[in-house]
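Q: Provided herewith is a single structure, encoded as C-alpha cells, for subsequent inquiry.
The values are calculated or read from the model by the stated rules, or taken from the named source; none is laboratory data. Only a predicted model underlies this, so the values are computations on that prediction, with no experimental measurement involved. Heads up, the Cβs are rebuilt from the backbone with ideal geometry, glycines too, and the neighbour counts pull from every protein chain shown.
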C-alpha cells in the first residue's frame, strides 16, 4: 500500500455516487452509507512490496486490531537481513470512540546494497458521514474544527538520519487546513499532517524513548445541512535509507499505538482563517456516535448547547416590562410587548 492509498470500499462508494446522481446501477442498492473501521500494514523494499498484512475491518462500534511480522526471504544470499513488525487498532477507550493506534519497526543487519530503501507502514482508519445543522443556516458555509491529541515516539539506532514519521490525515470528501499545537495553518492537497523526526523543522517530533505529545487540529469547510464524508487515518512509518548512509546494522521505529484521539468537535460560522463565532449546532453521523465538545463519544446525545440566559438585571427589566404591559392593558394605552430574541455564544473550548 502506497502512502496515498486508502482503504476504500468500492461497492459502498458506488452506491453513494448513484444516490447522489439519482442513478440506478445494477447490483447496487441505494442505502444509507455504512461506517467502517479498518487496520492494515505493508512492507516496501526498494521497488518491491514483498508483504501486505491482511486487512481487518468491521463496524466502528467493535474493536478492529491487527499485528504482524515479516522476515525477508530474499535478503540472505546478499549477506544481510531485514525484519519488520507492525500493529494497528481502532478502538473505544473511556467512552471515546474512533481512537486510532499504529506502530511499525524495521531492523536491518549488516550492510545491504548501496541505495537500498526500506519502509514499514501500519495504518488505522475509519470513515463516517456527517451532517452539521444549526437553526436557520441550511445552505450556508461554516467550518468544523476537529481537535486530536496525538502521542507517540520516533526512534532509531544506527548511523545516519532518522527518517521515520507518522501522519494523521483527514481524507475523504474534505480537504481541510490543519495546525499543530496552535501553530500556523497549513494546507496540503494530500489532506494529511505529518509528524516527523527532528531534522524536519516546523513539525518536528522529539526523538527518544518517552516520545512526545501534541494537539493537531483540522479545519473542515462545511455546508450546513449537507452531508459529507471523512476518513481519519493514522499512519506510522519506520524507514531505512542506505543513501544517508548507514553502513551497518540499523533499526527504526514509529510507535503511535497509544494513540490519536478526537477530543473536540466544534462548529463556527466563518472559515479556517477567520473562524467567526462558535455556534450552537448538531452534528449527525451515520456511525451513531456523538461529535461535540468532548470529541467523538459513545452513549446518548448531550442536551442542546446552552444559549443566552439573561443576566439577573435583564430578568428584572423583563419582569418590570410585564408589569408595565399589564398596567398598559388596564389603561388601554399599551401595545404588545416583543422582547428581543437573545442568541448567546458558547464559550471557546
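Q: In the set 16, 39, 43, which member is surrounded by 16 or more Cβ atoms within 10 Å (Cβ to Cβ), modelled with pLDDT of 90 or more and under 23 Å from the mean Cα position of the chain (by Cα)?
A: Unique residue meeting the criteria: 39.
Q: Scan region 283-292 and tell me whether some residue there is assigned to a loop (DSSP other than H, G, I, E, B) and surrounded by fewer than 18 Cβ atoms within 10 Å (Cβ to Cβ).
A: The answer is yes; a qualifying residue exists.
Q: Farther than 16 Å from residue 254 by Cβ and part of a strand (DSSP E or B), is that true of residue 142?
A: yes
Q: Based on what the data block shows, is residue 42 touching a strand residue (DSSP E or B) at 6+ places or on another chain (Cβ under 6 Å) and closer than 20 Å to residue 123 by Cβ?
A: yes
Q: Of the conditions (1) within 30 Å of residue 42 (Cα to Cα); (2) at pLDDT 90 or above; (3) out of contact with any strand residue (DSSP E or B) (no Cβ under 8 Å at 6 or more places or on another chain), residue 288 fails just one. Which one is it?
A: Only one criterion in (1) within 30 Å of residue 42 (Cα to Cα); (2) at pLDDT 90 or above; (3) out of contact with any strand residue (DSSP E or B) (no Cβ under 8 Å at 6 or more places or on another chain) is unmet by residue 288, namely (1).
Q: Can you name every residue in region 69-104 that is surrounded by fewer than 21 Cβ atoms within 10 Å (Cβ to Cβ) and assigned to a strand (DSSP E or B)?
A: Result: 69, 70, 71, 81, 83, 85, 91, 92, 93, 96.
Q: Do we have residue 266 as under 12 Å from residue 97 (Cβ atoms) and either touching a residue at least 60 places away in the same chain (Cβ under 8 Å) or in a loop (DSSP other than H, G, I, E, B) (or both) here?
A: No, not satisfied.
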